[in-house]
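Reading through the structure tokens given below for one structure.
Derivation of every value follows stated rules applied to the coordinates shown; laboratory data play no part. Fair warning: this is a prediction, and the values are worked out from it, not measured in the lab. Every residue, glycine as well, gets a Cβ built from its backbone with ideal geometry; the counts of neighbours run over all protein chains shown.
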Amino acid sequence: MAKFKTVWTRPQAILAYSVAFLSVSITLLVGLFQSQFQAAPVSLFLCAIMFTAWVGGLKAGVLAMALSLLSFKYYFLTPVHSLALDSEEMPRLVVFTLAGVFVLAITGAQKRDEEKLRKTGRELQANIEDLNRTQQALHKAQAELAHTTRLTTMGELTASIAHEVNQPLTAVVNNANACISLLEPAPSHSGEGGPHGASNLEDIREALGEIRDDAERASAVVGRVRQLAKRAPVEKSPLDLKDVVKDVLSLSRYESVARRVTIRTDLAQDLPPVLGDRVQLQQVLLNLVMNGMDAMNSVPEEKRILSVLVKHAATAGTAAVLLCVQDAGIGLKAEEMDRLFEAFYTTKPHGMGMGLAISRSIIEAHGGRLWAEPNQGPGATFSLSLPSVARIDSKRIALEKN
């Protein structure tokens, strides 16, 4: 009994049952006071049942059906104004009841389907939000992993970086000592004379110029290292891929000398700019260069040649830039080609297996493609293509027009 009272006193239940009473009452008034109805307003009662079940739910619809059945019998079936049953009117009453049950069932089924659809929509929205959060977390994890991989690669270049910084600093020290010597007063000897100050001043000016140039060299190396080491958001801007190549080869120059690797470059002129993040593209190229050197560790020194080529390319008839890193190492086996870009797969004894996987994800995020193929002779070639800025702008204009 307590449960029954609780259901009836809920605000939603009161509103639903009020709709049942109101809809049946209006239907009854229309049927009684409009003279054009020559027969009982069966369709109006069915509409009242349908409306109540849709708005108030199944229980309110059952109440509306019961009220409609009583009103139909009391006001429109003989004997009128009585609930007594006449055998001749029994078929009409049965048909009305069956029609009401049918309408109630159909409306209830539609209402349930609508509620299921809304629930599914809410669940889908929640899943989309979860997916977006997961993707954001994945992007953050990928950025952290890429940063860690950069630091690992730079750790392998410690000797090369130290040499690139130490060389200009040594020159700075030597030139500074020369300046100090030139500034010291020359001993005077009797019978000797002549203007030495002007020549010393010219030598000092030349030495100071060399100090400035060497300091800028050292600063440039430190700047490149800081760029690769810092954790910064992706910033894409138009850039010349040749500059990326020069920065990377400058960092890895001493490493190539230590490994007895000859680096040859073929950089085409008048290349279109590409839209990319300089640090990420440096990371990709540095990984490919280091992999090429590793692949030639067991090759005779005179055959250790690493070629870096940058040239024009066309992808789907539009301008692009192609960069190739070709080594003369041990090459790649057929089974290795299929898994080369998988995460945690490596052919090195102490490799992590993340460098190429991260590199491919970076290039694909730039709208490009990274792939590998065996050479006709020894070694393998890793190639990447990036769309030019003009191609990206044309795509953007086409999308805006559509």
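Remark on Arg369: its backbone amide H falls under 5 Å from those of Ser385, a criterion applied only to residues 5 or more positions apart or on other chains, H modelled at 1.01 Å from N.
Distance cut-off 22 Å, Cα to Cα: go down the list Lys311/Lys333; Lys246/Lys311; Lys119/Lys140 and report the pairs above it.
On the way: Lys311/Lys333 27 Å; Lys246/Lys311 15 Å; Lys119/Lys140 31 Å.
The answer is Lys311/Lys333; Lys119/Lys140.
Panel order for Thr120, Thr97, by other beta carbons found within 10 Å of each beta carbon, from fewest to most: Thr120, Thr97. Three principal axis extents describe the C-alpha atoms of segment 2-123; from largest down they are 53, 31, 27 Å. Report, ordered by chain and residue number, the aspartates and glutamates lying within cross-link reach of Lys303, taken as a straight Cα distance under 12 Å and ignoring same-chain residues fewer than 8 apart. By straight Cα distance, Lys303 reaches Asp327.
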